Every structure is written in structure tokens, then in C-alpha cells.
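**Student:** Take a look at this one; I'll ask things after.
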Amino acid sequence: MRILFAPLQGYTTGIYRKAHAEIFGGVDAYYAPFLRIENGKPREKDLRDLNALEGNAREIPQIIANSVDEFKILADALIAKGYTEIDFNMGCPFPMQVNRHRGAGLLSDEQAVQEIMDVIRTAPAIVKGTAPVKFSVKMRLGQDSPDEAFALLPILNETPLSQITLHPRLGKQQYKGAIDFKSFEKFYAECRHPLVYNGDITTVSQICEMERRYPKLAGVMIGRGMLAHPSLAAEYKALCRKDETGSAQSSCRDINCAAPQDFLGKILQMHQIIFDHACQTYQGDSQILSHVQSFWEYLEPSIPKKIFKKIKKAGKLNEYQAAIIEITSHLP
Ligand SMILES: Cc1cc2nc3c(=O)[nH]c(=O)nc-3n(C[C@H](O)[C@H](O)[C@H](O)COP(=O)(O)O)c2cc1C
């Protein structure tokens, strides 16, 4: 099954995606956090953060829009940059976006979604270049009720989408509370596009369980679980390879490819790439620190508590670097 790295604004930055692909890998595609309109134009800062990957790892940009007009401006900007695959966000639950009729705030507006899907249907005609552009959708069940997704499904089924990623929660739940598997199963049964599951996956055995329960599933998209455990995708792929060659028991169970010290060593390698990039790109301790401290946020369980606190509290670059050196002392 395909493993997709979910976009997380502020965490899965261009340099994070590049460093992850280089050090851990195992991911079939990295989704970039959404590109949005600012002062009538595609936000420059978001555009600059794209094109991070070279080689085999794929990067798929994402857009968030409240109307067909915003959608066209953003899609055109990405097509002009040479992208031939674009993901459309209909799931963001942040009030700043929802209140502006974007993300999960669009799910209750069948007419606006229909207009955007009409543009996708005629995409090659609106595209100035020649390469056909593929569109996918990342969505929730609704902002207030799962009825919203089921009202949209006939429209989505009629649109030539390359895939739908479903996070089976409501916008009003944000990222907490129960996942609605009953609605997910109904959507899985009725959706005519390749379907990707997203939400709360943190272990290899959970990936395997999804594969077993939903054999038609095109993939799983993982966000926080991958930030906390960056080797997750590679561990799953290693298990699949072993199963193929029959060199290991073909049971789906959690495997530990690497000893904890190896894991920490790789985390430090990945951090070094991000740290060097921040030092080259930003100026002043506080700017640099704001770009590197977020790397550790989801990794809290993997490093000693005392060091984690020092990283979080560091207000000067030398305090931060001293904390990182302390992690090195935990390596063999
Ligand atoms: C801080 C934060 C930022 C996010 N930014 C985006 C985004 O830009 N685009 C998007 O589609 N989803 C975004 N998400 C949602 C994630 O992609 C993902 O759907 C969510 O975290 C649930 O998956 P997980 O349980 O595997 O983390 C964000 C989530 C968080 C917590």
C-alpha cells in the first residue's frame, strides 16, 4: 500500500520533506502544506517552499480556496511552476480558514464545490501548458455533519479525480475525538475514486490492519505519527519486502528495523540538514530557533525529558546547540 506523508503547516516544510526523504525515506509522496491567496495573489512564502525534492521522492502541492476564482489563480500558479498533480484541501478545520469558507468550511456548499469540480473536469482546456494535470482532494466528513460529505460524493464521483483522501472526523472536532469509522466505511463503499485513509496512524501494525480491513484502499496518509516516528514508512516498506521474499514470517506485526541509538542517530542527521538550512536562510537567534524548535515537538517521547525541556526553553542559539550536543551523548 502507498504511504503518503500528510502536510502539516509549520512542520513539514520544504527542507523537512527533503531531509526526511534523504535520511528515512519509505514515503511514496510528500504533500506540501496548502498554498493560499494573500492580497489577491498566491502567497509568495508558500510558493518559495515548494520544489524541495530531487530524485525519486514525489512532492505534491496543495491548494486551499473558497471559490472557483481563487482555485483557478492558485492552480495556474502551480501549473506555471511545472506541477502536473495538485491536491485540493477541503478539510482544514482552522477557524481562520473555515470562517473564510475554505477547507472544511467549503464542505457544506455544494454549488461552490460543483463549480470547482467543473473546472477540474475541463482542466486541460484551462491549462496553458500541454501536460495533463491530475487533481486530487483531501477532505473531512463535514464541518458539522457527515451528511455534507455524502451530499458531495455524487459530484466528486463524476469528476475525474486521481484520488480522495478522507480524514473521517468533522471540522468542529479539529484533530481530536472519535474517528467515525462507520461513515468512513460507507464512503469507502460508495466512492468511485482511489481512496486514501488519513487519521491517527502511529504504528506499522495499524497500517497493516487498515490494509487487511480495507483491501481496496489506495494508501494511507500519515502526519503526526510520521513526525513522531520518522522511520514508520521505511519500517512498513521493509516489512513488505520481507513478506515478498518470504524471508521472514509473513505476519503483520510491529518491527523495529533499527536499534533506538540508530534511530536517534538518524534523527540527528535529519536535524543537521534542517539546522544548517535555517542558519543559511534566516538571521538572528530567535528567527533561526523558531524554524528548528518545531522539529522536536512531536519527537518528545523519543528523547530524554530533561533535554527536550532545554530545547524548548532555549532562547539563544548556543543554549539550543548545547542541548543538541547532549543528545549526542546518548549515542553509542
Ligand atoms: C499543525 C497542523 C497543520 C496542518 N496543516 C495542514 C495543511 O496545510 N494541509 C492539509 O491538508 N492538512 C493539514 N493538517 C492536517 C494533517 O495533514 C492531517 O490530516 C491530520 O494531522 C490528521 O492526520 P494524522 O492523525 O496522521 O496527523 C494539519 C494538521 C496540523 C495538526
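The values are calculated or read from the model by the stated rules, or taken from the named source; none is laboratory data. For clarity, every value in this text was computed on a predicted model and none was experimentally measured. No Cβ is skipped: glycine too gets one built from the backbone with ideal geometry, and neighbour counts run over all protein chains shown.
**Student:** So, in region 79-107, of the ones that are part of a helix (DSSP H, G or I) and small (Gly, Ala, Ser), which residue ends up farthest from the ligand (Cβ to nearest atom)?
**Tutor:** Ala80
Residues checked against (1) at pLDDT 95 or above; (2) over 30 Å from Arg213 (Cβ atoms):
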residue: Ile255; (1), (2): no, no
residue: His277; (1), (2): yes, yes
residue: Ile307; (1), (2): yes, yes
residue: Lys312; (1), (2): yes, yes
residue: Ser329; (1), (2): no, yes
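**Student:** Scan region 216-226 for residues that are surrounded by fewer than 23 Cβ atoms within 10 Å (Cβ to Cβ) and within 10 Å of the chain's Cα centre (by Cα) and jot them down.
**Tutor:** Gly223, Arg224 - these are the residues of region 216-226 that are surrounded by fewer than 23 Cβ atoms within 10 Å (Cβ to Cβ) and within 10 Å of the chain's Cα centre (by Cα).
**Student:** Between a first residue in region 224-247 that is under 21 Å from Arg212 (Cα atoms) and in contact (Cβ under 8 Å) with a residue 24 or more places away in the chain and a second residue that is among the aromatic types (Phe, Trp, Tyr) and more than 15 Å from the ligand (Cβ to nearest atom), which pairs have beta carbons less than 7 Å apart while being 6 or more apart in sequence or on different chains?
**Tutor:** These pairs meet every condition: Ala234/Phe24.
**Student:** Can you work out which of the residues in region 179-215 that are of a type in the set (A, V, I, L, M, F, W, C) and closer than 25 Å to Ser302 by Cα is nearest to the chain's Cα centre (by Cα)?
**Tutor:** Of region 179-215, the ones of a type in the set (A, V, I, L, M, F, W, C) are 179, 181, 184, 187, 189, 191, 195-196, 201, 204, 207-208, 210.
Remaining after also requiring closer than 25 Å to Ser302 by Cα: 201, 204, 207-208.
Details: Ile201: 12, Val204: 17, Ile207: 16, Cys208: 19 Å.
Going through the qualifying residues, I end up with Ile201.
**Student:** If you don't mind, another one. For region 168-185, give me the residue count where each residue is surrounded by 17 or more Cβ atoms within 10 Å (Cβ to Cβ) and under 22 Å from Pro215 (Cα atoms).
**Tutor:** 5
**Student:** Could you list, in sequence order, all residues of region 187-203 that are in contact (Cβ under 8 Å) with a residue 40 or more places away in the chain and either over 20 Å from Pro160 (Cβ atoms) or within 15 Å of the ligand (Cβ to nearest atom) (or both)?
**Tutor:** Once the filter is applied, which keeps residues that are in contact (Cβ under 8 Å) with a residue 40 or more places away in the chain and either over 20 Å from Pro160 (Cβ atoms) or within 15 Å of the ligand (Cβ to nearest atom) (or both), region 187-203 yields Val196, Asn198, Thr203.
**Student:** Thr165 versus (1) farther than 14 Å from Pro93 by Cβ; (2) away from the ligand (no atom under 14 Å from the Cβ); (3) surrounded by 15 or more Cβ atoms within 10 Å (Cβ to Cβ): which is the lone unmet condition?
**Tutor:** (2)
**Student:** Now for a different question. Quick check: is even one residue across region 121-132 touching a residue at least 12 places away in the same chain (Cβ under 8 Å), touching a Ser or Thr at 6+ places or on another chain (Cβ under 8 Å), within 16 Å of the ligand (Cβ to nearest atom) and assigned by TED's automatic domain parsing to the domain that holds Leu35?
**Tutor:** no
**Student:** For Gln62, are the conditions met, namely being modelled with pLDDT of 95 or more, within 13 Å of the ligand (Cβ to nearest atom), among the polar types (S, T, N, Q) and surrounded by 17 or more Cβ atoms within 10 Å (Cβ to Cβ)?
**Tutor:** yes
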